[in-house]
Amino acid sequence: MTVSGPAAAVATAGLVVAVDQVTKQLVVTNIAQAEQVSVIPGLDLTYTRNTGVAFGALAGGGLIVALLIGLSLALLIGYFAANKDKPLLWLPVGMLLGGALGNLADRARVGAVVDFIDPVAWPAFNIADSCIVVGVFLLLWVVEGGPRRRSA
């Protein structure tokens, strides 16, 4: 049995949303806003809220942010629909959709994205953000050739 196609993308997105939302709820429940909890030297858990996009860009730009996210998701879904049989395309698509939906759930619920992974010299981020970044790199890899089948 091979994992692929729309069902695999939806399952991946669902897993990303679930892990993202559970970790954010743990932070909201156990850490006060702006409180820092040291995990290891150079890495803290800090409960912050971000009204912008990556690293706070477009903070407070609700309609612009919503339009950019909507357009990006529409293009991603359109590309996937046209290329759903491309090997491993389901993985970055699921990661990107799950990451976007996880952050959109925050925006709908609290008006901002909950960030909490706070390394030294880098803005705080969350699981959804991590999946979006990894998903972009995987998407580029898959689109540029991705996994190659070995010839016999």
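FYI, it's all coordinate maths here, none of it is from the lab. Since the structure is predicted, the reported quantities are computational estimates derived from the model, not experimental observations. FYI the Cβ positions are ideal-geometry reconstructions off the backbone, even for glycines, and counts take in every protein chain you see.
Among A124, A108, G42, whose Cα lies farthest out toward the positive end of the dipole of segment 26-133, if unit charges sit on the beta carbon of Lys, Arg (+1) and Asp, Glu (-1)?
Final value for the positive-end residue is A108.
Across bins of 5 angstrom width beginning at 0, how are the C-alpha pair distances of segment 73-152 distributed, in whole percent?
Values per bin, smallest distances first: 3, 15, 20, 20, 15, 12, 9, 4, 2, 1, 0.
Using a Gaussian network for the chain with springs between C-alpha atoms less than 10 Å apart, which of these wobbles most: L101, L76, L91?
For the chain, modelled as a Gaussian network with Cα springs under 10 Å, the answer is L76.
How many nm separate the modelled label positions at D85 and I64, each set 7 Å beyond the Cα in the direction of the Cβ?
4.2 nm
I need the semi-axes of the equivalent ellipsoid of the chain: take the C-alpha gyration tensor, multiply each eigenvalue by 5, square-root it, list largest first in whole angstrom. Let's see the in-between values first.
Values: eigenvalues 182, 64, 38 Å².
Semi-axes (√(5λ), whole Å): 30, 18, 14.
Run the dipole for the chain about the Cα centre, Lys and Arg Cβ at +1, Asp and Glu Cβ at -1, nothing else charged, and hand back the magnitude in debye, nearest 20.
On the way: 9 positive and 9 negative charges, 119 e Å.
In total the dipole reaches around 560 debye.
Pop out the ³J(HN,Hα) list for segment 117-134 in order, Karplus 6.51 cos²θ - 1.76 cosθ + 1.60 with θ = phi - 60°, rounded to Hz; leave Gly and Pro as x.
Per-residue couplings from phi come out as 7, 10, x, 4, 6, 8, x, 4, 8, 9, 4, 4, 4, 4, 5, 5, 5, 4 Hz.
May I ask you to evaluate 6.51 cos²θ - 1.76 cosθ + 1.60, the Karplus curve with θ = phi - 60°, for each residue of segment 79-84 and list the ³J(HN,Hα) values in order in whole Hz, giving x for glycine and proline?
Computed from phi, the couplings for segment 79-84 are 5, 5, 4, 7, 9, 4 Hz.
Only helical DSSP H runs with n ≥ 4 go in: add -39500 (n - 2.57) per run for the chain, normalise by residue count and round the 222 nm mean residue ellipticity to 500 deg cm²/dmol.
-19500 deg cm²/dmol
Could you tell me which residue out of L88, V19, A74 lies farthest along the dipole of the chain toward its positive end? Charges go on the beta carbon: Lys and Arg +1, Asp and Glu -1, centred on the Cα centre.
About the Cα centre, the residue reaching furthest to the positive side is L88.
Quick query: amide H of Y47 versus all other amide H atoms, modeled in the peptide plane; which residues come in under 5 Å with a sequence gap of 5 or more or a different chain?
Correct list: A34, E35.
Taking a spot 7 Å from the Cα of L140 along the direction of its beta carbon, which residues of segment 79-109 have an amide N less than 16 Å from it?
92-93, 96
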